[in-house]
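Here the structure is laid out as structure tokens; the discussion comes afterwards.
The values are calculated or read from the model by the stated rules, or taken from the named source; none is laboratory data. All figures in this text were calculated on a predicted structure; none of them were measured in a lab. Every residue, glycine as well, gets a Cβ built from its backbone with ideal geometry; the counts of neighbours run over all protein chains shown. To get the accessible areas, we keep the full protein, side chains included, count just its heavy atoms, and leave off ligands, DNA and RNA. Shrake-Rupley method; radii C 1.70, N 1.55, O 1.52, S 1.80 Å.
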Number of protein chains: 2
Amino acid sequence: MGSFHVGGRRVLLSGKPCYSRTMSEGGEPVNINPNGTYAIEQMYVQYFLPQHPNGKGPLVFWHGGGMTGAAWETKPDGADGWVNYFIRQGWDVYVCDAVERGRSGFAPFPDIWPEGPIIQTVDDVYARFRIGRGEHSYYPDPALRTAHPDTRFPLAHFDDFCMQMVPRWTHTNQAMIDAFQALLERIGPASIVCHSQSGPLAMQLANAVPKHLRALVAIEPAGIPAEIETYATPTLIVMGGNLAGDERWQRLGEKISAFAGRHECVQVLDLEALGISGNSHVLMMDDNSDDIALHIQKWLLHTLPQ
Amino acid sequence: MGSFHVGGRRVLLSGKPCYSRTMSEGGEPVNINPNGTYAIEQMYVQYFLPQHPNGKGPLVFWHGGGMTGAAWETKPDGADGWVNYFIRQGWDVYVCDAVERGRSGFAPFPDIWPEGPIIQTVDDVYARFRIGRGEHSYYPDPALRTAHPDTRFPLAHFDDFCMQMVPRWTHTNQAMIDAFQALLERIGPASIVCHSQSGPLAMQLANAVPKHLRALVAIEPAGIPAEIETYATPTLIVMGGNLAGDERWQRLGEKISAFAGRHECVQVLDLEALGISGNSHVLMMDDNSDDIALHIQKWLLHTLPQ
């Protein structure tokens, strides 16, 4: 196992005033000259290569908006997440922090990224990740929260889950895609498991460099790129439960169905249609995450060439 | 192996205007209400528990300023870093991203953290991490850079190293200390390996909750806390090379010597005095990092009770 940073670019800033700061309590004040070269838009990647690989190539995990690679690790309830699951299946697993999040760092200069980052409230996460029933379902007191009655999300650990959320920018899509392309150029053709925000980005990447992608598993993609005409990457889109009452997901569901209808290589795994109800938007953290992983594992083995 | 977030607190923001943003290309615009509860100042921790532990308790890695837990993983030249080294020695290893960095997230609100983050230029990193000889030693063209002639840092991989640097705040010391205390309360008494900025913070923590700390290894601490009177944690301070020509490190060296002189439990491992020259400020990434790790390993085994 190990880690590296990949992709990104260098920028040169000039003409900014110097200032003095004590960087560390008890330390010496330091003169800060903000002018110079910065490394930005690189991506952090941690990898785990099992002793007995399954020979299906790398499996790359690309988290959703406001999250980091931690989303695929231990679940909020302390049980093993998909990183451990897929390592056990013999995959060469690569866990990434998309550009501008987690260990990938970010560029704190309006000269480089004009708009500031956003971070979701806990209240919003509860509703938008479809744990809660309705917009005002979150209360600090867990007893007052109105979760979906059939939710598979470990409610007792919602507060633990919230601790993984990080600020994100909303105009760094191309930088994220470029860094993933740099990763695939480095490690070779791979399968990608992506979530939410990264769904449409991974589809754009698949469209741009199809030879780098063996297969794509998109967990509840937050959109379908409008400009994709030819699309040839074997793709499995996984949809959780309690979508019916959610206007935004209703609209997205229609786009996703239309996308699958246009491209034979795209399949939708609709958990509710299989009789599995109550999955949240972070279904890799739900109590049946291993069952869903097994569906994905079977699809990947069936889809990828020997 | 697994991961979790620990510590932190909840804050409630109110009275801020709502706004609309498209969170993801091809997605639906979303109404953002920034008012509500946020989880802040938590800490991300990844752990690796070997099958055959050495029985010496947890070994916790606390990175320096502008860095994340990645500092202890694979070295910029691709060789194994200290995480892998110490796992092989049978330690239960915990790698942390200090509060406000990496997968710990940060609070992008001046209401919460009034001062913005800072990030060092590549130029500054080259000089301040004592890779370069003098303040103006960095040039984009590697052939023009003036490194210390005897440096142990893998010069060909300096640009890879720079990709790990992330923005940092300079007024979150207590939040960092609190999160580490929460970690030790969770995992039990531990030894800590810390670097630079985290040196004085770890010493403050050791002073505040001595029963939680078995031993402390401080790689080139960036300061010595002024307020520490009684200090009883077995501590090894490791100092690299090329300190003589560096004014800031000269002054810090005097403080460190005085601290060791006042407290019998504090020892200084001066690599130059052992005839090992040329180590940079990130000596865990230098080409002799395994040799230095062995010194630390021996000291820990000697210091910790059976």
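Inspection of the stretch B:175-184 finds no residue satisfying the criterion of being more than 22 Å from B:A71 (Cβ to Cβ) and either hydrophobic (A, V, I, L, M, F, W, C) or in a helix (DSSP H, G or I) (or both). Note on the stretch A:212-306: enclosed strands (runs of 3 or more DSSP E) holding 1 or more residues that are away from every other protein chain (no Cβ under 14 Å), open to solvent by 10 Å² or more (accessible area, probe 1.4 Å) and acidic (D, E) are A:266-270. Just one of (1) at pLDDT 95 or above; (2) open to solvent by less than 20 Å² (accessible area, probe 1.4 Å) fails for B:G36. It is (1). Checked against the criteria, A:A156 counts as open to solvent by 10 Å² or more (accessible area, probe 1.4 Å), in a helix (DSSP H, G or I) and more than 9 Å from chain B (Cβ to nearest Cβ). List the residue pairs whose Cβ atoms are under 6 Å apart, where the first residue sits in the stretch B:37-50 and is acidic (D, E), the second is crowded, with 24+ Cβ neighbours inside 10 Å, and the two are 6 or more positions apart or on different chains. Matching pairs, first to second residue: B:E41/B:V99.
Of all residues assigned to the stretch B:10-21, none qualifies as being farther than 30 Å from B:D160 by Cα, at the interface with chain A (Cβ under 7 Å from one of its Cβ atoms) and buried (at least 21 other Cβ atoms within 10 Å of the Cβ).
Taken over the stretch A:89-108, the criterion of being more than 8 Å from chain B (Cβ to nearest Cβ) and open to solvent by 20 Å² or more (accessible area, probe 1.4 Å) is satisfied by A:Q89, A:D92, A:Y94.
Here the condition is being surrounded by fewer than 18 Cβ atoms within 10 Å (Cβ to Cβ), modelled with pLDDT of 95 or more, touching a His at 6+ places or on another chain (Cβ under 6 Å) and not polar (S, T, N, Q); of A:P149, A:P189, it holds for A:P189 alone. Listed conditions (1) part of a loop (DSSP other than H, G, I, E, B); (2) under 23 Å from the mean Cα position of the chain (by Cα); (3) facing another protein chain (nearest Cβ under 8 Å) are all met by B:A39, apart from (1).
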